[in-house]
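Heads up, the thing below is written out as structure tokens.
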Ligand SMILES: Cc1cc2nc3c(=O)[nH]c(=O)nc-3n(C[C@H](O)[C@H](O)[C@H](O)COP(=O)(O)OP(=O)(O)OC[C@H]3O[C@@H](n4cnc5c(N)ncnc54)[C@H](O)[C@@H]3O)c2cc1C
């Protein structure tokens with residue numbers, strides 16, 4: 001039964017493999033989306049398959065992606081192509097005592113649907129703000145705003161989060177009972193994305209503090 005807090009399951013999003021790792025809980029889906037900022041936008045174009053990496057932003061129940069007006073992935077999606085946007089976090093390498101049971105701890109989301117090209121000036125601004133603040137929280141308020149010409153030269157797509165699924169794997173490796181006695185290390189090697197020290201370019205005036213990315 002779907003509740004407002006749960007994204008309705010469709011024939012396309014019903015998990016067939018490792019169903020216990022799937023979730024349609026809207027809060028979990030949004031948390032995974034908010035933790036990332038790079039997606040892969042998959043669609044068919046002239047009978048061929050494409051998965052294009054891009055940054056994205058979330059605002060409410062919508063995702064926004066943008067690019068130059070000449071970007072054909074966006075133009076194809078904006079013209080109504082069915083698409084799938086995926087986001088993946090690698091949380092750890094799962095090392096088993098056998099080749100077969102090696103795995104990865106992850107959180108991933110797949111969002112399906114048809115995007116719309118945003119032309120309305122106010123919504124376009126909201127979408128650009130969403131991307132800017134999603135990748136660099138708070139930075140949109142510090143830097144020069146987009147000019148009218150920059151807005152014109154950039155296409156923006158909105159994909160509403162109506163059909164989506166998340167899948168999460170956590171924990172140690174699955175092992176065969178007879179492998180547990182092997183003198184081999186088993187467990188998890190955690191992985192995460194961390195920001196390094198900011199490297200200022202040559203134009204930063206004295207006294208301007210470096211940003212702390214998602215710090
Ligand atoms: C980093 C990473 C590495 C992985 N490595 C492998 C691998 O090497 N081999 C492998 O077989 N599988 C791997 N998986 C799992 C893989 O993504 C699929 O979940 C799994 O292969 C089942 O695929 P299926 O074609 O049987 O899909 P089904 O379970 O039939 O998929 C049905 C529906 O379930 C949902 N769904 C399925 N998988 C995901 C997902 N990952 N995230 C969100 N929604 C999902 C989608 O809505 C999909 O349309 C990996 C996942 C991640 C995130």
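For segment 90-112, the tally of residues that are touching a helix residue (DSSP H, G or I) at 6+ places or on another chain (Cβ under 6 Å) and more than 16 Å from residue 54 (Cβ to Cβ) stands at 3.
One residue stands out in segment 79-95 among those that are surrounded by fewer than 19 Cβ atoms within 10 Å (Cβ to Cβ) and away from the ligand (no atom under 12 Å from the Cβ): the one that is nearest to residue 29 (Cα to Cα), namely 82. Taken over segment 96-126, the criterion of being modelled with pLDDT under 95 and surrounded by 17 or more Cβ atoms within 10 Å (Cβ to Cβ) is satisfied by 124, 126. Being more than 13 Å from the ligand (Cβ to nearest atom) and either out of contact with any strand residue (DSSP E or B) (no Cβ under 8 Å at 6 or more places or on another chain) or at positive phi (or both) is true of residue 98.
Of everything listed in (1) surrounded by 17 or more Cβ atoms within 10 Å (Cβ to Cβ); (2) within 23 Å of residue 68 (Cα to Cα); (3) within 21 Å of the chain's Cα centre (by Cα), the single unmet condition for residue 164 is (2). Here 22, 42, 36 are screened, and the one residue that is in contact with a strand residue (DSSP E or B) (Cβ under 8 Å, 6 or more places away or on another chain), over 26 Å from residue 77 (Cα atoms) and within 13 Å of the ligand (Cβ to nearest atom) is 22. Only one of the listed residues (17, 12) is under 19 Å from residue 88 (Cβ atoms), touching a residue at least 40 places away in the same chain (Cβ under 8 Å), in a loop (DSSP other than H, G, I, E, B) and within 12 Å of the ligand (Cβ to nearest atom). That residue is 12.
State whether one or more residues within segment 50-60 are in contact (Cβ under 8 Å) with a residue 40 or more places away in the chain, away from the ligand (no atom under 15 Å from the Cβ), over 16 Å from the mean Cα position of the chain (by Cα) and in a loop (DSSP other than H, G, I, E, B). Scanning segment 50-60 turns up no residue that is in contact (Cβ under 8 Å) with a residue 40 or more places away in the chain, away from the ligand (no atom under 15 Å from the Cβ), over 16 Å from the mean Cα position of the chain (by Cα) and in a loop (DSSP other than H, G, I, E, B).
The values are calculated or read from the model by the stated rules, or taken from the named source; none is laboratory data. It should be emphasised that the depicted structure is a prediction, and the values quoted were computed from it without experimental measurement. Cβ atoms come from the backbone with ideal geometry, glycine included; neighbour counts cover every protein chain shown.
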